[in-house]
Amino acid sequence: MRPTLFASLATPAKAVFLLERWAPNDIEYTSMRQLKLSKAFTLLEPGPVVLVTTYDGQQDNIMTISWTMVMDFTPVFAITTGEWNHSFAALRKSRECVIAIPTVDMLDKVVGIGTCSGTDTDKFAKFKLTPVRGKVVRAPLIKECLANIECKVSDIVEKHNIVVLEAVAAYLDNARKEKRMVHAVGDGTFIVDGRKIDRRKMMASKIPQGV
Ligand SMILES: Cc1cc2nc3c(=O)[nH]c(=O)nc-3n(C[C@H](O)[C@H](O)[C@H](O)COP(=O)(O)O)c2cc1C
C-alpha cells in the first residue's frame with residue numbers, strides 16, 4: 001500500500017528531513033564561489049569522472065558518468081548515456097542537469113552511485129550528499145563536490161546516445177582541501193590527478209583570453 005502524506009510525516013525527524021529535501025540549501029550559504037563561465041571547460045578538459053544530477057519533477061537523482069567531452073572553448077559539453085539509465089528520462093523531460101565534479105576522497109560514493117538506480121534508491125540520502133539549489137536549473141548542485149556546472153540540454157543525438165549540454169553557470173569550491181579528481185580507466189580501476197605541469201607560455205596562441 002502506498003504511504004499517505006500524513007504517514008510519511010509521522011515522525012518529526014522525518015518531517016524535517018522531507019522539508020530539507022523539499023527546500024535545498026541556497027548556493028549563497030556554501031563555500032562555492034561563482035566561476036567565470038568561460039573557464040568552465042577547464043573543469044572537464046582533464047576528463048574526470050563526474051556525477052550528473054537530474055530532477056524529474058518528483059525526485060532528485062544522481063548518476064556517475066565517465067564518458068564526457070569538451071566540445072570547444074564555449075561552455076558546450078557532451079556526455080554519453082541513454083535509456084538504460086533512470087536519469088535519462090529526467091534529462092529528456094526536464095532538458096537540464098548539473099555536472100558535479102567529485103574528488104578522490106569521494107571515490108566509493110562515486111562508484112556506489114554508478115552501481116545503483118534512482119528507480120529504487122534516494123541517492124542523496126543513501127550517499128549522504130547535500131542537494132544545493134543553483135541559480136538557473138532545478139536539478140541540484142552537490143555541496144560536497146569540488147565544482148558544479150549547471151547545464152541545459154541543447155541536443156540529444158539518439159543514434160550515438162550523445163547528450164549535448166550547454167553550461168549556464170559554474171561554481172568552484174576553492175576552500176576545499178582535496179582537489180584531486182579521478183579518471184576512470186574503464187576496467188574498474190581509476191587514476192588520480194598527479195603533478196600539474198605548466199606549458200601556458202608555449203600554448204599562449206591557443207588559449208582563449210581570460211582562461
Ligand atoms: C565509474 C563509472 C562510470 C560510469 N560512466 C557511465 C557513462 O559514462 N555513461 C553511462 O550511461 N553510464 C555510466 N555509468 C553507469 C551509471 O552511472 C549507472 O548505470 C547508474 O546506476 C545510473 O543511475 P540511474 O539509473 O539512477 O540513472 C558509470 C558507472 C560508474 C561506476
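Out of His160, His183, His86, any idea which swings most in a Gaussian network model of the chain, alpha carbons joined below 10 Å? In this elastic network of the chain, the residue with the biggest mean-square fluctuation among His160, His183, His86 is His160.
Whole-Hz Karplus values for segment 108-115 come out as 5, 5, 4, 6, x, 5, x, 10 Hz, taken residue by residue from phi with 6.51 cos²θ - 1.76 cosθ + 1.60 and θ = phi - 60°; glycine and proline positions read x. Relative contact order of segment 25-206: 27 percent, from C-alpha pairs under 8 Å at least 6 residues apart in sequence. Whole-Hz Karplus values for segment 196-211 come out as 9, 10, 9, 10, 4, 5, 4, 9, 3, 5, 9, 9, x, 4, x, 8 Hz, taken residue by residue from phi with 6.51 cos²θ - 1.76 cosθ + 1.60 and θ = phi - 60°; glycine and proline positions read x. Which shape class applies to segment 25-206: rounded if a/c is under 1.5, otherwise prolate when a/b exceeds b/c and oblate if not, where a ≥ b ≥ c are the square roots of the Cα gyration tensor eigenvalues? In terms of gyration-tensor shape, rounded. Computed from backbone phi with θ = phi - 60° and the Karplus coefficients 6.51, -1.76 and 1.60, the 3J(HN,Hα) list for segment 128-142 is 6, 10, 9, x, 10, 6, x, 9, 10, 9, 7, 4, x, 6, 10 Hz; x is used for glycine and proline. For Lys201, a cut-off of 25 angstrom between C-alpha atoms picks up these lysines, skipping any fewer than 8 places away in its own chain: Lys36, Lys39, Lys179.
With the simple spin-label model, which puts each label point 7 Å out from Cα in the Cβ direction, the Thr119 to Ile191 separation comes to 3.4 nm. Kindly express, to the nearest 10 degrees and within the range 0 to 90, the angle between helix 12-22's C-alpha long axis and the longest C-alpha principal axis of the chain. Long axis of 12-22 versus the principal axis of the chain: about 40 degrees.
Which loop GluC sites (Glu not before Pro) in segment 147-210, with loop taken from DSSP, have no more than 11 other Cβ atoms within 10 angstrom of their Cβ? Mind dumping the intermediate values first?
On the way: sites: Glu150, Glu158, Glu166, Glu178; in loops: Glu178.
Here the GluC sites (Glu not before Pro) that fit, given the DSSP loop and packing criteria, are Glu178.
Averaging the Cα positions of each part gives two centres, and for segment 155-174 and segment 70-130 these lie 11 Å apart.
With only Lys, Arg, Asp and Glu charged, each at its Cβ (+1 for the first two, -1 for the last two), find how big the charge dipole of the chain is about the Cα centre; round to the nearest 20 debye.
Values: 29 positive and 23 negative charges, 114 e Å.
Once rounded to the nearest 20, the dipole reads 540 debye.
Here, each number is a calculation from the coordinates, and none is a lab measurement. These figures come from a predicted structure and were not determined experimentally. When we count neighbours, we look across all protein chains shown, and the Cβ atoms used for this are built from the backbone with ideal geometry, even at glycine.
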